[in-house]
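The values are calculated or read from the model by the stated rules, or taken from the named source; none is laboratory data. The structure presented is a predicted model; accordingly, all values stated were derived computationally and were not measured. Glycine also receives a Cβ, built like all others from the backbone with ideal geometry; neighbour counts cover every protein chain displayed.
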């Protein structure tokens, strides 16, 4: 995909927008690359007195096998409708812009730089929502960069509003985590989330606003595989305890994001099977592994035989029994302690 940008002078304080050159198809596994492309387009809008022009008409999103298509005029129209006199029209426009998140960012930047105060405020607010709630780190980062650009601009309304949004992200996230039931200990960067959690899967995204989070405990929390997407931001976690949580083997794929730091992993009383053990094979610093109450067998343990740092493993209430102790020791020769049922 190519982007063509040409800068044309506008009044001081305006932020550029543009036109797409060709249809962009986004699938779940290509979202990162498209986000990078969108940022390349926004590069020309990072100058307060610039207007970016792209040739072309259509933008499409493909998510969960459902094709969503928006024309350039629709994207511009939704931004224009953010200060429409009808509340329902404003809400519909905002919902559409959030739905196209990364593709909407350059249009929201432009809208924030126009002379309508209401439109400016709502564009900045939408950028803040994309920044906070996007499940894609690249999209979130693009929105944050857009906000920082607006904060440094000369626009009398957009600049202070963007500064405010950025300054309140961390305390707001902390407040919401407390409200939803999380127990946070800032002194040792740990968070404890139990069965009273009300933030669902998406609420866990706010954990990224806890500086240098080292330990996460999910004990009976009502979350699913989707909730583990939060690990995409949490690259310093050393201890992760997932106890009595209905995650599956697929959810463990997110462990790759903490492969360089994770030392202790509890997966007790989850739905993990041998199929999920492949996602543990890359945890090169793992020293303690709790698989008690899972469906893991000897076949699953063979998949983590490369974990040379692993010292202790809990296999109680699994298909691996005390009679298998010698076999376990052969597969994992570095172990110091193995807990097994008779």
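Tabulated results
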read-out: Members of region 231-249 found to be out of contact with any strand residue (DSSP E or B) (no Cβ under 9 Å at 6 or more places or on another chain) and closer than 22 Å to residue 195 by Cα, listed by number; value: 246, 248, 249
read-out: The listed residue being more than 22 Å from residue 170 (Cα to Cα) and buried (at least 18 other Cβ atoms within 10 Å of the Cβ), out of 219, 225; value: 225
read-out: Filter result (at pLDDT 95 or above, farther than 16 Å from residue 286 by Cα and buried (at least 16 other Cβ atoms within 10 Å of the Cβ)) within region 232-244; value: 243
read-out: Residues satisfying the stated conditions in region 215-251, i.e. part of a helix (DSSP H, G or I) and under 15 Å from the mean Cα position of the chain (by Cα); value: 225, 226, 227, 228, 229, 230, 231, 232, 251
read-out: Test: residue 207 is crowded, with 17+ Cβ neighbours inside 10 Å and part of a helix (DSSP H, G or I); value: yes
read-out: Test: residue in region 174-191 that is in a loop (DSSP other than H, G, I, E, B), closer than 22 Å to residue 264 by Cα and modelled with pLDDT under 95; value: yes
read-out: Unmet requirement for residue 255, which otherwise passes all of (1) assigned to a loop (DSSP other than H, G, I, E, B); (2) at pLDDT 95 or above; value: (1)
